[in-house]
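Below: one structure, written as structure tokens.
Nothing in this text is a laboratory measurement; each read-out follows from the coordinates by a stated rule. Note that the structure is predicted; figures quoted are calculated from it, not measured. With ideal geometry, Cβ positions are generated from the backbone for all residues, glycine too; neighbour counts draw on all protein chains shown.
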Amino acid sequence: MKALKRSSDHRDYQRVPRVVTAMARDEVHGVSVAPHSHERAQLLYATEGLMKVKTAFGVWILPPRRALFIPPGVVHQWTSMSRVTMRTIYIEAKVAQAFGDSCRVIEVSPLLRELILSLLDEPIEYPLPGRGKHLAMLILSELAAAETVPIAIPWPRDRRLLAVCEGIVDDPGSPRTIEDWAAEAGASARTLIRLFPKETGLHYRQWVQQVHLAEAFGRLARGDSVGEIATALGYASPSAFSAMFRRILGKTPQHYLSGWRAPLQNAGT
């Protein structure tokens, strides 16, 4: 028997006596959820829309074919960058240990997507044994096999670098140079160049490229062309942008365009 109504409050899912629980929540553009954490691990996922997620260690931009695995206890906040249909799952902490102790972006396969949606058709406390348990076990299996996408924007703590990073994320296509950013932050360019690897583990250009990749995935999900994305991000040509994309991810933007558009156009919510 299906549940008549599901809560959209994450707190109602943390102590349900099931290994995996699923929550549906829809939001309009511009909603920000204050920093919080969960007893369980979370797979933060939306079938439609873009989300920006931030922790003390990084920032991630998630289009519909990406989800963020968040271990138990990790404080995070998220903002809807468009209308969002969130279909997220929570995993019992002991079981979630198998998936690691740090946040990571995963590729959501069509099967994993459908499994999550199917679990939402079951009661929150689905019968044991039964269909819900089988779906939950399949979700864990798909999650274990999911491809990790090497996109993360490490976040600094130094106040000068923090101001620079916030400015770049807010305007990824800005033509400003490291010298321009330094003048705004009240530091020398040499100081910023030294702080980037110290605070984020990436050199300045590497860090900016991660921002560009995150922005590109969001634009690809919206249907922008490679040429439009290259122009928006300040690249001299589509081929220059594609070369950067392929160098880091091993695949071209066209690969993602062809792989995303058909499933997204045919998928329901």
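Things to note:
- Extended-chain gain in nm, criterion 0.36 nm per residue less alpha-carbon gap, E228 and D121: 34.6 nm
- Relative contact order for segment 33-87: 51 percent, from Cα pairs under 8 Å spaced at least 6 residues apart, divided by residue count.
- Segment 10-149: relative contact order as a whole-number percent, Cα under 8 Å and 6+ apart: 29 percent
- Label zone at D26 (point 7 Å along Cα-to-Cβ), backbone N below 13 Å, segment 77-115: 83-87
- 5 angstrom amide H check on R66, placed H, neighbours 5+ away: V108
- Among (i) 65, 44, 33; (ii) 58, 43, 33; (iii) 62, 37, 32, the entry derived from the coordinates for Cα extents along the principal axes in Å: (iii)
- Per-residue Karplus couplings for segment 229-236, computed as 6.51 cos²θ - 1.76 cosθ + 1.60 with θ equal to phi - 60°, are listed in order as 5, 4, 5, 4, 9, x, 7, 5 Hz, Gly and Pro entered as x.
- Working note: Cα gyration tensor of segment 156-266, eigenvalues times five, square-rooted, sorted largest first, giving semi-axes of 30, 13, 13 Å.
- A crude spin-label estimate for the pair A98 and E184, with each label 7 Å from Cα along the Cβ direction, gives 4.6 nm.
- Label-point gap, in nm, between R157 and A145 - each point 7 angstrom along Cα→Cβ: 4.1 nm
- Taking 0.36 nm per residue of separation and subtracting the current Cα-Cα distance, fully stretching the chain between R11 and E107 would add 32.0 nm.
- Normalised by 2.2 N^0.38 Å, where N counts its residues, the alpha-carbon radius of gyration of segment 10-149 equals 0.96.
- Taking amide H as placed 1.01 Å from N in the peptide plane, V149 has its amide H under 5 Å from the amide H of V105, I106, E107, each at least 5 places away in sequence or on another chain.
- When all alpha carbon pairs of segment 200-241 are counted in 10 Å bins from zero, the resulting P(r) reads 30, 51, 18, 1 %.
- Integer Hz, Karplus 6.51/-1.76/1.60 couplings in order for segment 215-222, x for Gly and Pro: 5, 5, 4, x, 6, 4, 5, 7
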